[in-house]
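A short worksheet on the structure shown next.
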Amino acid sequence: MLEKTAPFFMRRYASMRFSILTPDLCAHWDTRALTFTPGEDRASIPPPDALEEAWTLYYASIFNPARLKVSMMCKEMPKRYWRNLPEAALIPQLIEQAAARTAAMVHADPSQTQRKVAGRAAARADLPVDDGEAPGSLKQIAQMIQGCRRRDLWRDATQGVPGEGPSQAPLMLVGEQPGDQEDLAGRAFIGPAGEMLNKAFAEAAVDRSKLYLTNAVKHFKHEPRGKRRLHKTPNGGEVKACRWWLDNERRLVRPRVILALGATAAQAVIGKPTPILKSRGRPIQLDDQAQGLVTVHPSYLLRLPDPAAKAEGFAMLVDDLRMAVKLAGL
Ligand code: URA
């Protein structure tokens with residue numbers, strides 16, 4: 001059972017280290033690998049600590065009384081499990097106060113809320129802004145991205161997501177932009193698209209740790225839809241503005257081959273619109289002496305409803321990876 005459920009928590013809390021202890025099996029996530037160890041009985045589990053107190057405080061502070069749906073809460077976490085949850089002791093009181101707290105929120109002076117939002121934006125606007133001076137290292141790029149104000153995307157993103165991989169990697173992979181999980185964790189390709197890419201790496205026998213993985217755009221562009229944040233494709237101006245970062249990564253890493261995943265990355269790498277299905281499989285000479293290749297984006301495969309089309313697309317990604325690796329001499 002835990003082997004089946006642990007990957008859900010791994011994806012949901014990708015940026016946090018955690019362990020799930022059960023009498024049968026224990027799962028551990030260290031933000032990179034999910035491992036399992038034999039079960040633990042209750043007596044061997046450490047007693048509640050200060051972290052538990054911090055957690056209950058956090059839980060109470062993020063509880064939104066205006067979104068209270070007791071039936072949904074019970075559906076997601078049946079009451080029989082509540083006795084194992086330190087925060088569950090707070091729930092009856094939070095439910096009881098919800099109506100009054102919501103009414104207070106509705107009647108609050110809107111200017112207070114506006115002031116808070118504006119204050120938060122101003123605080124973030126105080127971060128040192130990149131001034132266009134060429135970065136001297138990938139580490140510096142990763143820091144400078146946090147102060148990037150080239151477009152407005154930084155306002156709604158949690159953080160800028162830098163590329164990662166060896167500083168002299170012969171093969172660079174460029175995606176479109178960080179997704180929801182990448183935005184939260186600050187690491188490229190760790191969400192569902194990253195999982196699909198990992199599957200293709202496994203199929204093509206490619207070692208991910210030997211590649212430099214990055215994105216054409218460094219902040220997550222999205223729009224809120226209920227509790228979800230829906231991906232929005234960056235526009236031409238945003239891709240162009242972000243290209244400064246990609247060009248600096250290319251200058252520093254000097255890869256032999258750059259594989260662009262999808263149309264946005266192809267536009268950023270090649271500098272003009274490039275139809276993926278027509279152009280894949282043929283190396284394109286780039287200005288910085290690297291060879292460019294294009295292929296389908298893993299998210300495109302995730303969206304394909306037809307299993308046969310998905311399999312065909314996946315095979316293309318694997319073939320294109322093999323070609324890129326070979327061309328890069330990896
Ligand atoms: N999609 C991308 O293009 N890049 C990521 O890092 C994640 C999803």
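The values are calculated or read from the model by the stated rules, or taken from the named source; none is laboratory data. Small disclaimer: the values here were computed from a predicted structure and weren't measured. Ideal geometry is used to build each Cβ from the backbone, glycine not excepted, and the neighbour counts take in all protein chains shown. When the accessible area is computed, the model is the full protein with side chains, heavy atoms only, and any ligands, DNA or RNA have been set aside. Shrake-Rupley method; radii C 1.70, N 1.55, O 1.52, S 1.80 Å.
Numbers at a glance
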{"item": "Loop-located trypsin sites (Lys or Arg not before Pro) in region 213-285 whose Cβ has at most 14 other Cβ within 10 Å (DSSP)", "result": "Lys227, Lys232"}
{"item": "Charge tally in the Cβ shell below 15 Å around Cys26, where Lys, Arg are +1 and Asp, Glu are -1, Cys26 excluded", "result": "-2"}
{"item": "Stokes-Einstein D in µm²/s, Kirkwood radius over Cα pairs - region 134-241 at 20 °C with 1.002 mPa s viscosity", "result": "147"}
{"item": "Evaluated at q = 0.12 Å⁻¹: base-10 log I(q)/I(0), Debye formula over Cα of region 235-330", "result": "-0.39"}
{"item": "Met77 accessible area, assembled protein chains, probe 1.4 Å, Å²", "result": "70"}
{"item": "Cα convex hull volume per residue for region 129-328 (Å³)", "result": "111"}
{"item": "The chain: relative contact order as a whole-number percent, Cα under 8 Å and 6+ apart", "result": "13"}
{"item": "Scaled radius of gyration (Cα, divided by 2.2 N^0.38 Å) that region 2-107 gives", "result": "1.27"}
{"item": "Solvent exposure ordering (accessible area, 1.4 Å, most first) of Val294, Val70", "result": "Val70, Val294"}
{"item": "Length added when fully stretched, Glu133-Ala103, from 0.36 nm per residue minus Cα-Cα", "result": "5.8 nm"}
{"item": "Average accessible surface area per residue within the chain, 1.4 Å rolling probe, Å²", "result": "59"}
